[in-house]
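Everything on this sheet refers to the single structure shown next.
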Amino acid sequence: MGTTSRGIAMLRAVAAGRARVTCSAEPDLFVDGLPCCDQFTAHALAHEGLVRPARLGLVGQQVPAELTPAGAALLTTVAAAA
């Protein structure tokens, strides 16, 4: 799921520091303060280990999102292939 064009765009937003994520088992992603239109992909990015909360928070709280090393590596691979 992380390799779709929408997933890559979400990863780029996280890398740019424009994303927040809710602390939950099914984390919702917000970009530029707006909820992502595809929360299924947002959940998949988290479950695939590509995105995570940058810090701990209360359940349901929005915190900054960050790429995991796997997420950063995927973006590097996509950039090299372009």
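Once all protein chains are placed together, S5 keeps about 100 Å² accessible to a 1.4 angstrom probe. Principal-axis analysis of the Cα atoms of the chain puts helix 5-15 at an angle of about 70° to the longest axis.
Calculated [222 nm] ellipticity per residue, helices only, for the chain: -12000 deg cm²/dmol; basis is -39500 (n - 2.57) per DSSP H run with n ≥ 4, divided by all residues, nearest 500.
Once you have the alpha carbon radius of gyration of the chain, what is it after dividing by 2.2 N^0.38 Å, with N set to its residue count?
Numbers: Rg = 11.5 Å, N = 82, 2.2 N^0.38 = 11.7 Å.
For the chain, the normalised Cα radius of gyration is 0.98.
Once you list every other residue whose beta carbon is under 15 Å from the beta carbon of L67, what net charge do they have if Lys and Arg are +1 and Asp and Glu are -1? Don't jump to the answer; show the numbers that get you there.
Working: positive: R12, R18, R20, R52, R55; negative: E48, E66.
In short, +3.
Per residue, the chain exposes 56 Å² of solvent-accessible protein surface, assessed with a 1.4 angstrom probe and all protein chains in place.
Within the shell of other residues whose beta carbon sits under 13 angstrom from the beta carbon of F30, the net charge comes to -1, with Lys and Arg scored +1 and Asp and Glu -1. I need the calculated FRET efficiency for the pair T76 and F40, taking r as the beta carbon distance and R₀ as 22 Å, to the nearest 0.05. Efficiency, rounded to the nearest 0.05: 0.35.
The values are calculated or read from the model by the stated rules, or taken from the named source; none is laboratory data. Values in this document were obtained by computation on a predicted structure and should not be read as measured data. Don't worry about glycine lacking a Cβ; one is built from the backbone with ideal geometry, like all the others, and counts go over all protein chains shown. Protein only, heavy atoms only, side chains kept; ligands, DNA and RNA dropped before computing areas. Shrake-Rupley method; radii C 1.70, N 1.55, O 1.52, S 1.80 Å.
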